[in-house]
Amino acid sequence: MIARSAADAQSFVRDVTTLTETPFVPGIALYLATELTPLWQKTETWLQENNVAPPYWAFAWPGAQALARYIAANPQLVAGKRVLDFAAGGGLAAIAAMRAGAHSADANDIDPLAMAATTLNAAANNVHVTAILGDIVGSRGPWDFIMCGDVCYEAPMTRHILPWLSTLARTCVVLIADPGRAYLPREKLTPVASCDVPVTFELEDRLIRTTTLYQLAP
């Protein structure tokens, strides 16, 4: 099946995932892949036809889980705020923000399947999240609070986003959740929390990823 519209993309997401919860963030249902290899095979045609990334959106990565857990424990951080979940994948952090009382939540990703998954995940949790497809780096936006999970996994990505996020940090809170990726910059980051997130050998080289949440300075 090749997804060619938003409705088709959502149907595709449903076909290759299962609605479930992660043990680390109970209470939020997500359309997630149960196995990596079958999903990769099923999305091969989509990748070739649409030139999009592999199906990272189908897994709850440690950065997103850490953000969601932290927001659930500290709802005052986002209550009444306009929130952005940047490089959102399936939108877990945005959903957690809405459940914690955010005024609004935008979820952004360059992958159309990620945005389809975000829309489905939000609906499954009875919240509204606005899915924004494309590269928004350079945009000002209306946000008061920005969350980024697992965004420093490649040098080009880090170089692309960090100057923009630093600029936004002049007027809003920017949190980066990182599980020890190689390209995380050490300057301008103040750790605010840390947690051990369960992961699988399909995605990581260990079963626990210690994930630190940092606030980015301008």
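The values are calculated or read from the model by the stated rules, or taken from the named source; none is laboratory data. Keep in mind that what you see is a predicted model, and the values were worked out from it rather than measured. FYI the Cβ positions are ideal-geometry reconstructions off the backbone, even for glycines, and counts take in every protein chain you see. Only protein heavy atoms, including side chains, enter the accessible area calculation; ligands, DNA and RNA are left aside. Shrake-Rupley method; radii C 1.70, N 1.55, O 1.52, S 1.80 Å.
Any idea what angle helix 62-73 forms with the longest principal axis of the chain, computed on alpha-carbon atoms, 0 to 90 degrees, nearest 10?
60
Please give the helix 6-16 orientation as an angle from the longest Cα principal axis of the chain, in degrees from 0 to 90, rounded to the nearest 10.
80
With +1 on the Cβ of every Lys and Arg and -1 on the Cβ of every Asp and Glu, and nothing else charged, how large is the dipole of the chain about its Cα centre, in debye rounded to the nearest 20? Each step should come with its number before you reach the end.
Working: 15 positive and 20 negative charges, 142 e Å.
Dipole about the Cα centre, nearest 20: 680 debye.
Where does the chain land on Rg(C-alpha)/(2.2 N^0.38 Å)?
Numbers: Rg = 16.1 Å, N = 218, 2.2 N^0.38 = 17.0 Å.
Compactness ratio reported: 0.94.
Where both partners of a DSSP beta bridge lie in the chain, what percent of those bridges are antiparallel, to the nearest 5? Could you put the intermediate results ahead of the total?
On the way: 17 of 35 bridges.
Here the share of antiparallel DSSP bridges comes out near 50 percent.
Take the Cα coordinates of the stretch 103-175, assign each an equal point scatterer, and use the Debye formula without solvent to give log10 I(q)/I(0) at q = 0.15 Å⁻¹.
Values, matching the q order: -0.56.
For THR190 and HIS160, calculate 0.36 nm times their separation in residues minus their Cα-Cα distance, and state this gained length in nm to one decimal. List each step's numbers first, then the result.
Numbers: separation 30, 0.36 × 30 = 10.80 nm, distance 2.05 nm.
Extending this stretch completely gives an extra 8.7 nm.
Carbon and sulfur: what percent of the chain's accessible surface (1.4 Å probe)? All intermediate terms of the calculation are to be shown ahead of the outcome.
Working: 5190 of 9950 Å².
C and S atoms contribute 52 percent here.
Based on DSSP H runs of at least 4 residues, each adding -39500 (n - 2.57), what is the mean residue ellipticity at 222 nm of the chain after dividing by all its residues, to the nearest 500 deg cm²/dmol? List each step's numbers first, then the result.
Numbers: 7 runs with 72 residues, N = 218.
Counting only the DSSP helices, I get -10000 deg cm²/dmol.
What's the ranking of 128-139, 108-119, 88-99 by average number of surrounding C-beta atoms within 10 Å, highest first? Intermediate results must be reported in sequence, preceding the final value.
On the way: 128-139: 15.7, 108-119: 25.0, 88-99: 29.9.
Listed from highest to lowest mean packing, they are 88-99, 108-119, 128-139.
Provide the packing ranking of 67-75, 55-63, i.e. peptides ordered by the mean count of other C-beta atoms within 10 Å per residue, highest first.
Working: 67-75: 20.7, 55-63: 24.6.
Top to bottom by mean Cβ count within 10 Å: 55-63, 67-75.
Which whole-number value in Å² is the accessible area per residue of the chain, probe 1.4 Å? Kindly include the intermediate steps, with their values, before the conclusion.
Working: 9950 Å² over 218 residues.
Here the per-residue accessible area is 46 Å².
Taking the 0 to 90 degree range and rounding to the nearest ten, how far is the long axis of helix 112-124 tilted relative to the main principal axis of the chain, both from C-alpha atoms?
It works out to around 80 degrees.
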